[in-house]
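Asks: I'd like to ask some things about the structure below.
The values are calculated or read from the model by the stated rules, or taken from the named source; none is laboratory data. Note that this is a predicted model, so its numbers are computed, not measured. Here the Cβ positions follow ideal geometry from the backbone for every residue, glycine too, while neighbour counts run over all protein chains shown. With ligands, DNA and RNA removed, areas are computed over all heavy atoms of the protein, side chains included. Shrake-Rupley method; radii C 1.70, N 1.55, O 1.52, S 1.80 Å.
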Amino acid sequence: MLKEERQQVIINEVRIHSRVSLSELSDKLDVSVDTVRRDVKELDKLGTLKKVHGGAVSLGFALHNYKEQNIYLHEKKTSIAEKAISLIPNRSVILISGGTTNLEMARLLPSKLKITVFTPSLPIAMQLILHPNAEVIFIGGKLSKEAKITTGGKAIYDLSQITVDIGFIGTGYIDSENGLTEFDWDVVQMKKAMIAASKKVIVPTISEKLNTYQCYKTCDLNTVDTLITELNPDAHQLDVFRSHHMNIL
């Protein structure tokens, strides 16, 4: 594989999954970790992605300030966000994990919607500060510089003390057999705690993440109440997920 082709694969993986590890890219490309590290370093200098310890993140995932042009598949994520918002009752209590799709949902929440939001995501908390009728409760703890969410014992304990109406749980990977997975162990522990704190679990995700999986499991699909993608609910790409008896929007 030519260098240009290899780097394009890296760019695509980062855009789809927001965060990828060097080892994951090395396995996918069948090249050494050192080769991938050099590619990621070059792409970082070109401003295509952001190099972080042990991997890379997308620009939309890395930015402190929201910019539409840096959100991969922005229109699709807007469609998903709008579907998700339609499921939120007025005066409900919800929990939102990190990720650019959930960030888009936070940005589009109607100003008249009265809501209480728990989140361990710093970008989402900062976005919701602008909402006139949202009570925002930030779940504190050790802040992951890459994921920009809190992790660790304190955050997990705080989550164990609450019960919310709906948990909107983003995912890096989702597969009909392997469920929701990630490559970051600490993030998985947070998401497990968020799921346990939620009466209903909703997973908003772009369809490019369907049928992909990583090494650490967040949950099986039978834990998910509703899966939301930008696709028509009857789309054939979703057929393998229907057997898990979840709602599909």
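Asks: Take the residues of the range 226-249 that are of a type outside the set (A, V, I, L, M) and surrounded by 18 or more Cβ atoms within 10 Å (Cβ to Cβ): which is farthest from the chain's Cα centre (by Cα)?
Replies: Going through the qualifying residues, I end up with F241.
Asks: How about the range 74-113: which of its residues are over 13 Å from I124 (Cα atoms), in contact with a helix residue (DSSP H, G or I) (Cβ under 7 Å, 6 or more places away or on another chain) and of a type in the set (S, T, N, Q)?
Replies: Residue satisfying the conditions is T78 alone.
Asks: Now for a separate question. Only residues in the range 1-24 that are over 15 Å from R37 (Cβ atoms) count as the first member; pair them with residues that are in a strand (DSSP E or B), Cβ under 6 angstrom, at least 6 apart or cross-chain, and list the lot.
Replies: Between residues of the range 1-24 that are over 15 Å from R37 (Cβ atoms) and residues that are in a strand (DSSP E or B), the close pairs are R19/V57.
Asks: What tally of residues in the range 213-222 results from selecting those that are open to solvent by 30 Å² or more (accessible area, probe 1.4 Å) and closer than 27 Å to H74 by Cβ?
Replies: 2
Asks: When I166 is evaluated against the numbered criteria (1) open to solvent by less than 40 Å² (accessible area, probe 1.4 Å); (2) within 14 Å of M190 (Cα to Cα), which criterion, by number, is the only one it fails?
Replies: Checking I166 against (1) open to solvent by less than 40 Å² (accessible area, probe 1.4 Å); (2) within 14 Å of M190 (Cα to Cα), the one that fails is (2).
Asks: Quick check: is even one residue across the range 191-201 of a type outside the set (A, V, I, L, M), more than 30 Å from G140 (Cβ to Cβ) and open to solvent by 60 Å² or more (accessible area, probe 1.4 Å)?
Replies: No, the conditions are met nowhere in the range 191-201.
Asks: Still on this structure: Please list, ordered by first then second residue, the pairs with beta carbon atoms under 9 Å, 6 or more apart or interchain, first in the range 135-155 and open to solvent by 80 Å² or more (accessible area, probe 1.4 Å), second at pLDDT below 95 and assigned to a loop (DSSP other than H, G, I, E, B).
Replies: What qualifies is K142/G152; K145/H53; K154/G140; K154/G141.
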